[in-house]
Amino acid sequence: MRAIQVEQTGGPEVLREVELADPNPGAGELLVEVHAAGVNYIDTYQRSGLYPRQTPFTLGLEGAGAVRAVGAGVSRFDVGDRVAWSDAQGSYAELATVAAERAVAVPNGVSYEQAAGALLQGMTAHVLVTSTYPVADGEAVLVHAAAGGVGLLLTQLASARGARVIATVSTEEKAALARAAGAAEVIRYTEVADLAAEVRAHTDGQGVAVVYDGVGASTFDASLDSLRRRGMMVLFGASSGPVPPVDPQRLNSSGSLYLTRPTLFHYVTTREELEYHAGAVLDSVADGTLDIRVGHRYQLADARTAHEDLQARRTSGKLVLLP
Ligand code: NDP
């Protein structure tokens, strides 16, 4: 099978398509023909070495496809079933082995591309608005990079809960996408001198109840300054780079703030949690209430280009590889 391997960590140029032996499913595993592999920011952290892994390794955590074979002890799925997953290392490949307990069925009417586009970013967005900080009707919330993969889904889900979403984006084209996803206000954060002042101007000087910040280094300070008293800072990623160490006293002086740094995998540890969050997302895709915008499709061999585009801020919505 063809697969995208990282032999040495580094920039997008380290991504190589290689020929590997077809894997066999172990006990409890599915062997899946990957029809669409999701590209996520975490893949760039693994590729660059920010999240260290032993090399060589096949990149990719997320995908959707058809079950080709099942390992010993698997009763949940059969050959031919349509499945999707968000945490099977090695998903940038023609074939992937996926723990049956971590796979979910793809509902009728949801395509492989939509499923691969929905799961990791969709569950993240769902977890962030329902569990990390349960967004309430009428609250003002700030979503950074709102035209991105997670951003468009966060904007839709928070708006659906009745929140007034203040979105940040870098371009006018992305602003239009954020508005279409439900954002009430859109700020071009690359154009304004004082981002927190802009946010406060949209909230009668009060600040927002929660900031969902997946951008990190370049937005973190403004995010803290945009919060209302006792607001919640949700730092969930670092697309602009990691945030330097923080003095807890800043949380005091900025208004008894809360700071959390969540990761999806701590919220979907059990089968029950996986089915709850994945089910909510996939059902919403199936009934048309959640739009998965697959913005960019690439051949497997073009994984390098996908990473270059993602990190150069040229993308919106979801990126998928089509093996
Ligand atoms: P996106 O599609 O959001 O792409 C990243 C976006 O970040 C860009 O399009 C860009 O939007 C914005 N950005 C701002 N500054 C920079 C910069 N210097 N370089 C590159 N991009 C920049 O990616 P994802 O949806 O895949 O992920 C979004 C974030 O969510 C990431 O930080 C990721 O790690 C995190 N994440 C965290 C999870 C968790 O469990 N904690 C799970 C999934 C994702 P613009 O042009 O509008 O500025």
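The values are calculated or read from the model by the stated rules, or taken from the named source; none is laboratory data. It should be emphasised that the depicted structure is a prediction, and the values quoted were computed from it without experimental measurement. Backbone-built Cβ (ideal geometry, glycine too); neighbour counts: all protein chains shown. These accessible areas exclude ligands, DNA and RNA; they are computed on the full protein's heavy atoms, side chains included. Shrake-Rupley method; radii C 1.70, N 1.55, O 1.52, S 1.80 Å.
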Mind ranking 112, 276, 92 by accessible surface for me, highest first, 1.4 Å probe? 276, 112, 92
Going 7 Å from the Cα of residue 72 along its beta-carbon direction, which residues of region 21-53 have the amide nitrogen within less than 19 Å of the resulting point? 23-31
Per residue, how large is the accessible surface of region 1-112? Use a 1.4 angstrom probe and give square angstrom. 42
If R0 is 41 Å, what FRET efficiency do you get for residue 99 and residue 180 from their C-beta distance, rounded to 0.05? 0.65
So how strong a dipole does region 58-193 carry about its Cα centre when Lys and Arg Cβ are +1 and Asp and Glu Cβ are -1, to the nearest 20 debye? 120
For residue 221 and residue 322, what is the calculated FRET efficiency with R₀ set at 30 Å and r taken between the beta-carbons, to the nearest 0.05? 0.15
In what sequence, highest mean first, do 96-102, 124-130, 22-28, 59-65 appear when ranked by Cβ atoms within 10 angstrom? 59-65, 124-130, 96-102, 22-28
Kindly report the accessible area of region 158-284 per residue (heavy atoms of protein chains, probe 1.4 Å, no ligands, DNA or RNA), in Å². 48
Linear extension gain, residue 89 paired with residue 170, 0.36 nm per residue minus alpha-carbon span: 26.0 nm
In nanometres, what is the gap between the two model label sites at residue 33 and residue 197, each 7 Å from Cα along Cα-to-Cβ? 6.0
Full extension between residue 305 and residue 131 adds, at 0.36 nm per residue less the Cα distance, a length in nm of 59.2 nm
For region 137-261, with all protein chains present and a 1.4 Å probe, just round the carbon and sulfur fraction of the accessible area to a whole percent. 47
